[in-house]
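Quick notes on the structure that follows.
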Amino acid sequence: PAEANSAFEVEVIRQECERLDMNLVVRTIAVSSDMPMAIQSLMAADVDVVFSVADNTAIRSLGALAEACRRQRIPLLGDDSSMMGGGVLFACGASPVGEGRHTARLAARVLLGEDPADMPIEPSESVEIAIDLAVARSLGVRFPNEMLRQTDLFYNVNARLERPFRVALINSAHNALLDQAEAGIDLALAAS
């Protein structure tokens, strides 16, 4: 409730749930230490899915929420890909990278002399879809191929393949960025 963006987001979700004839069960937390009680209350409400906003308070206790959802076999959804990798099944929302690029374009306009007072507020239109295939497998969730084709980020791809993921890296041109990417992949593989 302390973050205006979260309160706005909950209201938008409430309207969409009403439109889809879905029951929305809302639990708010003022501080992350409120999360255990909110989790207990959600589980007692016998919800079918949990959606968490990505505000600072919720993110601090996302691990506890993900663990409770895992134990109860309830899908946990998030509103952006920054929440992925720790038990969130699916996230769809503003792309953190896209948001950064959008902000950089606005900053560049100011640095080039445009007066910020004359610039209209522009909402970013970047959207990113992310799926954790290990969470999907543990819940028995299968995503339609069309949705998989639209997905931007996959986590735990090896869970779908039931073997380590194999990557073919072909660097057909000497380019500093490609060389750095190849070096990064080599480091990641050496560390695993």
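Could you please give the count of residues in the stretch 91-139 that are aliphatic (A, V, I, L, M), under 13 Å from the mean Cα position of the chain (by Cα) and open to solvent by 40 Å² or more (accessible area, probe 1.4 Å)? Break it down into steps so the answer makes sense when it comes.
Pass one, the stretch 91-139, residues aliphatic (A, V, I, L, M): 91, 94, 97, 104, 106-108, 110-112, 117, 119, 121, 127, 129-131, 133-136, 139.
Cutting the leftovers down to under 13 Å from the mean Cα position of the chain (by Cα) gives us 91, 94, 97, 127, 129-131.
In the following step, the residues that additionally are open to solvent by 40 Å² or more (accessible area, probe 1.4 Å) were identified as 94, 97, 127.
Going through the stretch 91-139 one residue at a time, the tally reaches 3.
Cβ-Cβ below 7 Å, separation at least six or inter-chain, first residue in the stretch 144-157 and under 11 Å from residue 90 (Cα atoms), second surrounded by 12 or more Cβ atoms within 10 Å (Cβ to Cβ) and polar (S, T, N, Q): which pairs?
153/81
Quick test for you: out of 121, 185, pick the one residue that is of a type in the set (Val, Ile, Thr) and either touching a Pro at 6+ places or on another chain (Cβ under 6 Å) or in a loop (DSSP other than H, G, I, E, B) (or both). I'd like the intermediate steps shown before the answer.
Numbers: 185 fails: either touching a Pro at 6+ places or on another chain (Cβ under 6 Å) or in a loop (DSSP other than H, G, I, E, B) (or both).
After ruling out the rest, the residue left standing is 121.
Filter the stretch 1-54 down to residues that are of a type outside the set (D, E, K, R), within 22 Å of residue 90 (Cβ to Cβ) and in a helix (DSSP H, G or I), then give me how many there are.
13
Residue 136 fails exactly one of the following numbered conditions: (1) touching a Pro at 6+ places or on another chain (Cβ under 7 Å); (2) not in a loop (DSSP other than H, G, I, E, B). What is the number of that condition?
(1)
Can you tell me which residue is surrounded by the fewest Cβ atoms within 10 Å (Cβ to Cβ) among those in the stretch 56-90 that are within 11 Å of the chain's Cα centre (by Cα) and among the hydroxyl-bearing types (Ser, Thr, Tyr)?
Step by step, filter the stretch 56-90, then rank; the result is 82.
If we keep just the residues of the stretch 92-109 that are without any contact (Cβ under 8 Å) to a residue 40 or more places away in the chain and not in a helix (DSSP H, G or I), which is nearest to residue 139 (Cα to Cα)? Spell out the reasoning first.
Pass one, the stretch 92-109, residues without any contact (Cβ under 8 Å) to a residue 40 or more places away in the chain: 92-94, 96-109.
Filter again for not in a helix (DSSP H, G or I), leaving 92-94.
Numbers: 92: 19, 93: 22, 94: 25 Å.
Within the stretch 92-109, the match that is nearest to residue 139 (Cα to Cα) is 92.
The values are calculated or read from the model by the stated rules, or taken from the named source; none is laboratory data. Small disclaimer: the values here were computed from a predicted structure and weren't measured. Methodologically, a virtual Cβ is constructed for each residue, glycine included, from the backbone with ideal geometry; neighbour enumeration extends over all protein chains shown. Just the protein is used for accessible areas: all its heavy atoms, side chains included, with ligands, DNA and RNA removed. Shrake-Rupley method; radii C 1.70, N 1.55, O 1.52, S 1.80 Å.
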